[in-house]
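Here the structure comes first, spelled out in structure tokens, and everything after it is commentary.
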Amino acid sequence: MADTVEALVDGGKATAGPPLGPALGPKGVKINEVIAAINEKTKAFEGMKVPVKIIIDENKNFEIKVGTPPMSALIKGELGLASGSSNTRTTKVGDLTVEQAKKIAEMKRYDLLGATVKARVLEVAGNCVCVGVTIDGKDPKVFQADVKSGAYDSVLC
């Protein structure tokens with residue numbers, strides 16, 4: 001039967017120290033190989049906490065499944081923000097470009113419900129409302145209306 005270890009690690013900077021080392025040690029796997037594989041798979045999320053699941057079979061082979069950080073963390077990370085707005089209605093803390101929104105949508109593609117890039121970017125825009133971020137200089141709700149009307153089809157389709 002397979003053993004599973006779940007942990008929250010720094011993207012691209014996992015170490016053999018806690019939480020991974022103590023959890024993996026008793027499992028009999030080569031910890032440095034596991035850490036190297038985790039760092040390789042999470043390097044795109046550098047500077048963010050990333051959930052990982054390590055599945056170890058009876059032959060001590062392992063498989064790593066990487067989750068993605070919350071959408072708000074990706075938005076803040078893309079803009080270099082420490083936190084979102086304390087009052088999202090009146091205070092905007094950043095402005096995503098359409099390309100940045102598309103990049104975030106691509107990072108979260110397996111976790112989002114949208115079947116197309118356009119639909120996934122609309123989901124990103126919805127999260128921008130909660131963080132206090134505009135997209136392409138527009139309120140996220142206005143941006144969503146523009147996307148639905150086809151104004152960004154040349155970029156998103």
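If you sort the three axes of the alpha carbon gyration tensor as a ≥ b ≥ c, you get a/c of 1.5 or more for region 46-155 and a/b no higher than b/c, which makes it oblate.
Rounded to the nearest 20 debye, the dipole magnitude of the chain is 240 debye, with +1 charges on Lys and Arg beta carbons, -1 on Asp and Glu beta carbons, and the Cα centre as origin. Only protein heavy atoms count here; under a 1.4 Å probe, Glu99 has an accessible surface of about 110 Å². When peptides 14-23, 122-131 are ranked by their average number of other Cβ atoms within 10 Å per residue, the highest-first order is 122-131, 14-23.
So what are the ³J(HN,Hα) numbers for region 123-138, from phi and the Karplus equation (6.51, -1.76, 1.60; θ = phi - 60°), rounded to whole Hz, Gly and Pro as x? After applying 6.51 cos²θ - 1.76 cosθ + 1.60, I find 5, 4, 4, x, 6, 5, 4, 6, 8, x, 10, 8, 10, 6, x, 10 Hz. Within the accessible surface of region 28-135, defined with a 1.4 Å probe on protein heavy atoms only, the carbon and sulfur portion equals 51 percent. Taking every protein chain into account, the 1.4 Å probe leaves Val93 with about 50 Å² of accessible area, to the nearest ten.
Between amide H atoms placed 1.01 Å from N, distances below 5 Å from Ile135 occur with Leu96, all of them 5 or more places distant or on a separate chain. Annotation for region 18-78 versus region 81-157: alpha-carbon center distance of 28 Å.
Partner lysines whose Cα lies under 30 Å from the Cα of Lys13, excluding those fewer than 8 positions away in the same chain, are identified as Lys27, Lys30, Lys41, Lys43, Lys49, Lys53, Lys60, Lys65, Lys76, Lys102, Lys103, Lys108. 3J(HN,Hα) along region 35-48: 4, 4, 5, 5, 4, 5, 6, 10, 4, 5, 9, 4, x, 10 Hz, from the Karplus curve 6.51 cos²θ - 1.76 cosθ + 1.60 with θ = phi - 60°, whole Hz, x for Gly and Pro.
The values are calculated or read from the model by the stated rules, or taken from the named source; none is laboratory data. All of these numbers come straight from a predicted model, not from anything done at the bench. Glycine also receives a Cβ, built like all others from the backbone with ideal geometry; neighbour counts cover every protein chain displayed. Quick note on the areas: whole protein, heavy atoms, side chains included, nothing else; ligands and nucleic acids left out. Shrake-Rupley method; radii C 1.70, N 1.55, O 1.52, S 1.80 Å.
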